[in-house]
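Only the coordinates and a few stated rules stand behind these numbers; no lab work does. Keep in mind that what you see is a predicted model, and the values were worked out from it rather than measured. Glycine gets a Cβ as well: all are built from the backbone with ideal geometry, and neighbour counts include every protein chain shown.
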Amino acid sequence: MSILSIRGVSREFSTQSGGKTLALQATNLEVAENDFITILGPSGCGKSTLLRIVAGLDRQTTGEVLLDDKVIDGPGADRGMVFQSYTLFPWLTVLENICFGLRERGLPRDQQIEIAQSFVKKVGLVGFENHFPKQLSGGMQQRTALARALANNPRMLLMDEPFGALDHQTRELMQEHLLGIWEAERKTILFVTHDIDEAVFMGSRVVVMSARPGRIKLDREIPFAHPRHYSIKTTADFAALKGELTEQVRAEVIASQALA
Amino acid sequence: MKPLTPISTPKRIALGVSFFVLFFAVWAVATFGGFVSRTFLADPITMVKSGYTLITEMGFLKDIGMTVWRVVGGFLIAAAIALPLGVAMGAYKPIEAFFEPFVSFSRYLPASAFIPLLILWVGIGEEQKLAVIFIGSFFQLVLMIAVVVGNTRRDLVEAAYTLGASDASLVKRVLIPSAAPEIAEILRMVLGWAWTYVIVAELIGASSGIGYMITNSQALLATDQIIFGIIVIGVIGLVSDLLFKFANQRFFPWAALGKA
Ligand SMILES: Nc1ncnc2c1ncn2[C@@H]1O[C@H](COP(=O)(O)OP(=O)(O)O)[C@@H](O)[C@H]1O
Ligand SMILES: [Mg+2]
């Protein structure tokens, strides 16, 4: 039973010179409840575009997106998003940032605080509730952004290279963290990344997109059992799958360079 | 000296004060040394003495009070209308398109050139002074506030929408708080300009105020009083500036983070 259906969605942008660029070819994707789909592809292939259309922040040129059989028409609290850039509200503390969506829903204040506190705990930020975003490291800011999105209890989470700006060590910790949360809460996640390791380690399904104009060229189940431990990254199965995906992505990166 | 390297607070204060000292020293040398005729420039001691007489015997405090009242009154009226209009223009493009060309044109109309017209319309009473301040600050405020609000980070706007924000709460909970520190800076700056308009308004057709005292002193060749008046304006401007800065730091602690 799929909760999200992407049907024949394409996106064409008008260029400044008056021409048209096709960023995304007609794309189909069915996302089932509890899927953790990681999306790989060369840069500029339309990954962000696809995610933004699902979020309702951008509009497709053709096709439609359905969430629980309802056509998506604009952004909403049912689809939480975590961006690559740090998008915490700088004038709000960590706790107030997490309360943002709850307050928008008109929840009583003590309930807002209670829910926000529980997510502060889940993302490991106890003691930082009253810090402003600028007082936090990049990893902590992204954990707050994750908590802020999760606190809204969305139907699904959309993540566009959320760990892209973090250093390697922090990034690996964040992957384990997010995976732990997904295993515990069984959220449905669309996760864009260009890191193949990340895609295989966290995903229950990995999707590879072609060079621009993007389309889905490969859609593969990831067979590793949950809960996953980071040590699976050193197993032979992991390496084999990673090798196969590396080949696929590499071919597209080369194709996209030839285009440019 | 290394470019952009900050210095300690005591050092900064010492340097700032020493320029004032230098300034008065040069002035004292120029006047006491007989390099400049007394008719055109009084010496610092005479200036302080006649300032004392002005305050104790000639009711100059009342003049100062009048001038402050006019600036604050005219400025508050301008700000009270400019704030909602500027925010509306920044947030809603049709409103901006409607007002912006006219406001842009009006801001180049010199407030002082309106004085003769305003005297014809409303006489030489307080309305005329308030109107000069209003004209001088209103259009500037509106335009600058609209620009700041319109420049709100788009990723924050998108984040708010994915958290379920409505259009109205986007304005209230994102556009306004994010622009608030810069709007406070704009108010501080334009208040400084308002000080120059009030004096001009008082030079023509007034029977009280610092500007009035200055015109009167000119007829008497009392350069000591003129200079005292000018210095009083400077001091009041400086104090209001410091109060504003202090208030901004208190109200918007997050804005100062990570800047220096
Ligand atoms: N607002 C826009 N206007 C014009 N072109 C755009 C816009 N957004 C994205 N594009 C183009 O669409 C293509 C896909 O972009 P994007 O989805 O950001 O790629 P990815 O996230 O995979 O790196 C790129 O070629 C990009 O230049
Ligand atoms: Mg992208």
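Given the Cα-Cα distance of B:A97 and B:L15 and 0.36 nm per residue of separation, how much length would full extension add, in nm? Mind showing how you got there, number by number?
On the way: separation 82, 0.36 × 82 = 29.52 nm, distance 4.73 nm.
Full extension of this stretch gives 24.8 nm more.
Under 21 Å Cα to Cα from A:K242, which lysines show up? Leave out anything in the same chain fewer than 8 places away.
Candidates past the 8-residue exclusion: A:K47, A:K217, A:K233.
At a Förster radius of 56 Å, what calculated FRET efficiency corresponds to the Cβ-Cβ distance of B:L76 and A:E244, to the nearest 0.05? Don't jump to the answer; show the numbers that get you there.
Numbers: r = 70 Å, r/R0 = 1.24.
Once the sixth-power term is evaluated, E becomes 0.20.
For the range A:86-223, what relative contact order do you get, as a whole percent, if you take Cα pairs closer than 8 Å and at least 6 residues apart? Write out the running numbers ahead of the final one.
On the way: 155 pairs, mean separation 28.3, N = 138.
RCO, the range A:86-223: 21 percent.
With the cut-off at 1.5 for a/c, could you classify the range B:1-72 from its C-alpha gyration tensor as rounded, prolate or oblate?
Because a/c hits 1.5 or more and a/b fails to exceed b/c, the range B:1-72 counts as oblate.
Tell me, what is the FRET efficiency for B:L109 and A:S85 to the nearest 0.05, using R0 = 45 angstrom and their Cβ-Cβ distance as r?
Working: r = 41 Å, r/R0 = 0.92.
After rounding to 0.05, the efficiency reads 0.60.
Extending each Cα 7 Å along its Cβ direction at A:E64 and B:T53, get the distance between those two points in nm, one decimal.
About 9.0 nm separates the two model spin labels.
I'd like to verify something in chain A: which complete DSSP H helices, judged by Cα projection on the helix axis, reach 24 Å or more and average at least 0.0 on the Kyte-Doolittle scale? Show your work: numbers first, answer last.
Numbers: long enough: A:168-185 (25 Å, -0.79); A:236-259 (34 Å, 0.27).
In chain A, the long hydrophobic H runs are A:236-259.
Report, to the nearest 10°, how far helix B:176-203 tilts away from the longest principal axis of the Cα atoms in chain B, using its own Cα long axis and a range of 0 to 90°.
It is inclined by approximately 30 degrees.
Run down the lysines and flag those whose C-alpha is under 22 Å from the C-alpha of B:K49, throwing out any fewer than 8 positions away in its chain.
Hits, sequence-local ones excluded: B:K62.
So for the pair A:E33, B:L220, with labels modelled 7 Å out along Cα→Cβ, what separation do we get in nm?
With each label placed 7 Å out from Cα toward Cβ, I get 9.0 nm.
Is the shape of chain B best called rounded, prolate or oblate, per the rule: a/c under 1.5 gives rounded, else a/b larger than b/c gives prolate, else oblate, with a ≥ b ≥ c the square roots of the Cα gyration tensor eigenvalues?
Verdict is oblate for chain B.
Could you please rank B:R154, A:R143, A:R228, placing first whichever residue has the fewest other Cβ atoms within 10 Å of its Cβ? Let's see the in-between values first.
Working: B:R154 10, A:R143 27, A:R228 18.
In order of increasing Cβ crowding within 10 Å: B:R154, A:R228, A:R143.
Can you tell me the equivalent ellipsoid semi-axes for the range B:1-143? Use √(5λ) from the Cα gyration tensor, largest first, whole Å. Intermediate values should be presented prior to the final figure.
Values: eigenvalues 316, 147, 46 Å².
The three semi-axes for the range B:1-143 are 40, 27, 15 Å.
What average count of beta carbons from other chains do you get within 10 Å of the Cβ of residues in B:161-174? Could the numbers behind the result be given before it?
Values: counts 8, 20, 19, 14, 7, 1, 0, 0, 3, 1, 0, 0, 6, 3.
Mean shielding by partner chains, rounded to a whole number: 6.
What is the extension gain from A:T21 to A:L107, computed as 0.36 nm multiplied by their sequence separation minus the C-alpha to C-alpha distance, in nm to one decimal? Walk me through the intermediate numbers first.
Working: separation 86, 0.36 × 86 = 30.96 nm, distance 4.38 nm.
Length difference between fully extended and current span is 26.6 nm.
Calculate how steeply helix B:223-251 sits against the longest principal axis of the alpha-carbon atoms of chain B, using the helix alpha-carbon long axis, and give the answer as 0 to 90 degrees to the nearest 10.
Relative to chain B, helix B:223-251 is tipped by roughly 30 degrees.
Please work out the ratio of the alpha-carbon Rg of the range B:171-237 to 2.2 N^0.38 Å and round it to two decimals. Could you put the intermediate results ahead of the total?
Values: Rg = 17.5 Å, N = 67, 2.2 N^0.38 = 10.9 Å.
Scaled against compact globular proteins, the figure is 1.61.
Angle, helix B:60-91 long axis vs. longest principal axis of chain B, Cα atoms, 0 to 90°, nearest 10?
Value to nearest ten degrees: 20.
In whole Å, what are the extents of the protein assembly as shown along the principal axes defined by its C-alpha atoms, from largest to smallest?
The Cα atoms of the protein assembly as shown stretch 97, 53, 50 Å along the principal axes, largest first.
Modelled label-to-label distance, B:A247 and B:V157, 7 Å Cα→beta-carbon offset: nm?
The modelled label-to-label distance comes out at 2.9 nm.
What is the calculated FRET efficiency for B:K172 to B:F24, with r their C-beta to C-beta distance and R₀ = 35 Å, to the nearest 0.05?
0.10
List the lysines whose Cα sits under 20 Å from the Cα of A:K122, skipping any in the same chain fewer than 8 residues away.
Correct list for A:K122: A:K187.
Could you work out how far the C-alpha centroid of the range B:93-138 sits from that of the range A:40-117, in angstrom?
Taking the Cα centre of the range A:40-117 as reference, the centre of the range B:93-138 is 44 Å away.
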